Amino acid sequence: MTNLKDIKNRIQSVESTKKITRAMKMVAAAKVKKAESTVKMSRPFTNELNTMFKKLLNSVGSFSDLTLKIKTAVDNYPALLQVREVKTAGILVITSNKGLAGAYNANILKQTLKTVKEYNEKGIKTILFIVGQKGISSLKKKCKNFDCEIAKTYNAVANNPTGEGASVIVSDMAEYFVNQKIDKIEIITTRFKNMMSYFIENWEVLPLKDINTDHERLHDNIIEPLMEFLPDMHHILQKVVPMYIANIIYQALLEAQASELASRMTAMSAATNNAEKMLKDLSTEYNKTRQFAITQEIIEVVSGANAQIG
């Protein structure tokens, strides 16, 4: 039978683990409320920006102008809107820096490797831009088995999604796209649903597709308002295109952070409940073992006394 000391050590160990998981659950619960609020407030702006951006492109018609002053790749909006044969796909993978979030990171990595494999089967190479230490450390090893390479990695933005952080990612991916190192920009992230669930999604950013979708759905009697551009449409697009891409990446980062915190809260809640169950089982085992030891001692005393009398 198990030693009483061993059981007591196990009880102390489980109690220590329970304190940690409970604290992590409370921290995640406090953070996820703020993250959920941020995500829900940003979605209407993102949706409206996407709608306006499509209408803007439909009004412009032509995406080139030689008078533009182009200092960086992200300023070259005609090149960013260029559609060409996809030989290399650029994928932004969003994971977390920390673990203990259930299957959150594992599911994203699984989807990433599935996507890379599908592209490879079509003869398309993949270049990865990875957010989060969990994705970086795992994909550095697993990418060796596929036709893919890691171009850039980002750690800070995983913990603190900001517009500035999204702009840095946009600049890097735009440079690869404009220089034709990649022919497509895609994001693998999670769509936050509620505290208990999220969805893993692939967002296609560039090249743009179905630009005329909104206009095709309009009723014939509805007249679109006329758009005027100041100073001109090309300079407006030069500002709006990077803003559009950066906002999509920023939204993806916000959705991922909320999903990660919700997953961690759920995982830590389950771990705390399991610890309580283990403590209950160990306490029962400890009491049974202690009772058996006491009974055994009584039997030995009585046996010794009977031997002396006899």
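Read-outs throughout are calculated quantities, based only on the coordinates presented, and are distinct from any laboratory measurement. Keep in mind that this is a model prediction, so the values were computed, not measured. Cβ atoms come from the backbone with ideal geometry, glycine included; neighbour counts cover every protein chain shown.
Details
- Between residue 291 and residue 164, the simple spin-label model (points 7 angstrom out along Cα→Cβ) gives 6.4 nm.
- From phi via Karplus (6.51, -1.76, 1.60), per-residue ³J(HN,Hα) for region 133-143 in Hz, x at Gly/Pro: 5, 4, x, 4, 5, 6, 6, 4, 7, 7, 5
- The amide H of residue 190, built 1.01 Å from its N in the peptide plane, has 201, 256 as neighbours under 5 Å, considering only residues 5 or more places off or on other chains.
- For the chain, a Gaussian network of Cα nodes joined below 10 Å ranks 35, 275, 256 by mean-square fluctuation, and the top entry is 275.
- For the set 117/193; 152/184; 114/140, the pairs lying more than 26 angstrom apart at their alpha carbons are 117/193.
- Between residue 10 and residue 284, residue separation times 0.36 nm minus the direct Cα-Cα distance comes to 97.4 nm.
- With all pairs of separate Cα atoms included, region 73-177 yields a Kirkwood hydrodynamic radius of 14.6 Å.
- With the convex hull drawn over the C-alpha atoms of the chain, the volume per residue is 177 Å³.
- Förster-model FRET efficiency, 41 Å R0, residue 87 and residue 41, C-beta, rounded to 0.05: 0.55
- Contour excess over end-to-end distance, with Cα ends at residue 22 and residue 147 and 0.36 nm allotted per residue: 40.8 nm
- Nearest 10 degrees, 0 to 90: helix 163-178 Cα axis against the chain principal axis: 60 degrees
- Bridge type composition, the chain - antiparallel percent by DSSP, nearest 5: 35 percent
- Length gained on full extension, residue 52 to residue 209, computed as 0.36 nm times the residue gap minus the Cα-Cα distance: 55.0 nm.
- Computed over the chain with a Gaussian network model linking Cα atoms closer than 10 Å, the most mobile of 283, 269, 96 is 283.
- Cross-link partners of residue 19 among lysines, defined as those whose alpha carbon lies under 20 angstrom from its own and excluding same-chain residues fewer than eight positions apart: 8, 31, 98, 277, 280.
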